[in-house]
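A short worksheet on the structure shown next.
The values are calculated or read from the model by the stated rules, or taken from the named source; none is laboratory data. Keep in mind it's a predicted model, so treat the numbers as computed, not measured. For neighbour counting, all protein chains shown are included, and Cβ atoms are generated from backbone atoms with ideal geometry for every residue, glycine included. Side chains are part of the model used for accessible areas, which takes the heavy atoms of the whole protein and leaves out ligands, DNA and RNA. Shrake-Rupley method; radii C 1.70, N 1.55, O 1.52, S 1.80 Å.
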Amino acid sequence: MRGMELSLNHTQKLRLQRALESLSSGSSSNASVTVADSIPVNQEDGVLKGHGTTELDGEVVATVCGVIERVNKLVYVRTLRARYKPEVGDIIVGRVIEVAPKRWRLEINFSQDAVLMLSSMNLPDGIQRRRTAVDELNMRSIFEENDVICAEVRDFMRDGSLQLQARSQKYGKLEKGQMLTVSPYLVKRRKQHFHHLEKYGIDLILGCNGFIWVGEHVEIKDSMIEDEPTKPDPKNNSQISIGLEEEEQTYTSLEIRQNICRIANAIRVLSTLGFSITLDVILEILDLSTKKGLDIHEMLGAEFCVLVAEKEAERRSSLTRR
């Protein structure tokens, strides 16, 4: 996590260095370059120089640190610690910073803010209809400042900002959880970014922009199916019982809150070590913490970070043997 530093003793430093060396030796070091390194190419094939490359004294050299990528005749260097570069279809998590006419403006860890139009999302009643002036006046009842929401990148606007859409039930406002900020390069684009951890009762959303949401599981309700309204009976206390049920639904149990903090600390450990954040690795860290009998706050200690690095090195070595 940003600002998280490890105070390691001499033995822990040696163990961590040994684990990181085994990880680097297992990776393909021939494809990685630093600034001013020469990139082997065949000039007779008419190579196209892409991002992160330039020609110097008849050779193609790298101008940034990263990994060499080749697409047909195009050669470019993919930087490892780059800023978030959005693509259409990305699942992102953002925070509302402004409620403007017919739109919300979101912070998404990008050089520019994103825009979510009122016409690009489902209304609370779930009915597909034209947006009216009444809907525009009630925008703050849907999203207001500092609300955390999940959406999808729809298109790029002329000024370079992003246009989002939230026309599915899985998108919308996120509550009863916490949002973490990691480097965007740690979250790879995959087919599935929404994860339900049934064992812990947690919803995990890995945003491509480096914003990760960890919160209580919420059942996705079909807005087309509406319950029939019940008429209150003055002879009984049905209204009081309904109010108590609503309070129970809004209350988050202690076990769920502890699971949220444990999963969040696992993500913080991965971010500190610079490992890719995936569901499988997060579950392995959770199992490791429970086997060691560690409390939630002890997961951020130096010893546990070293154990996670050694576990990851062991896992990758076992994969290469196969």
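Details
- Checked across region 38-54, the condition of being open to solvent by 80 Å² or more (accessible area, probe 1.4 Å), of a type in the set (D, E, K, R), in contact (Cβ under 8 Å) with a residue 24 or more places away in the chain and assigned to a loop (DSSP other than H, G, I, E, B) holds for no residue.
- The residues of region 285-322 that are touching a residue at least 60 places away in the same chain (Cβ under 8 Å) and touching a Gly at 6+ places or on another chain (Cβ under 9 Å), listed by number, are A313, R316, S317, T320.
- Filtered residues of region 129-160 (kept if of a type outside the set (S, T, N, Q) and in a helix (DSSP H, G or I)): A133, V134, D135, E136, L137, M139, R140
- Residue among L254, L294, L279 that alone is within 20 Å of V218 (Cβ to Cβ), at pLDDT 90 or above and more than 24 Å from the chain's Cα centre (by Cα): L254
- The listed residue being aliphatic (A, V, I, L, M), within 24 Å of T181 (Cβ to Cβ) and out of contact with any strand residue (DSSP E or B) (no Cβ under 7 Å at 6 or more places or on another chain), out of V134, V148, V99, V115: V99
Matching residues to (1) more than 17 Å from V187 (Cβ to Cβ); (2) surrounded by 13 or more Cβ atoms within 10 Å (Cβ to Cβ); (3) at pLDDT 85 or above:
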site	(1), (2), (3)
G201	yes, yes, yes
L204	no, yes, yes
C208	no, yes, yes
W213	no, yes, yes
S223	yes, yes, no
P229	yes, no, no
P232	yes, no, no
S238	yes, yes, no
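- Output for region 279-315, where each listed residue is surrounded by 14 or more Cβ atoms within 10 Å (Cβ to Cβ) and either farther than 23 Å from T11 by Cα or not assigned by TED's automatic domain parsing to the domain that holds L16 (or both): L279, V281, I282, L283, E284, L286, I296
- Qualifying residue in region 124-133 (condition: open to solvent by 70 Å² or more (accessible area, probe 1.4 Å) and within 19 Å of C208 (Cα to Cα)): no
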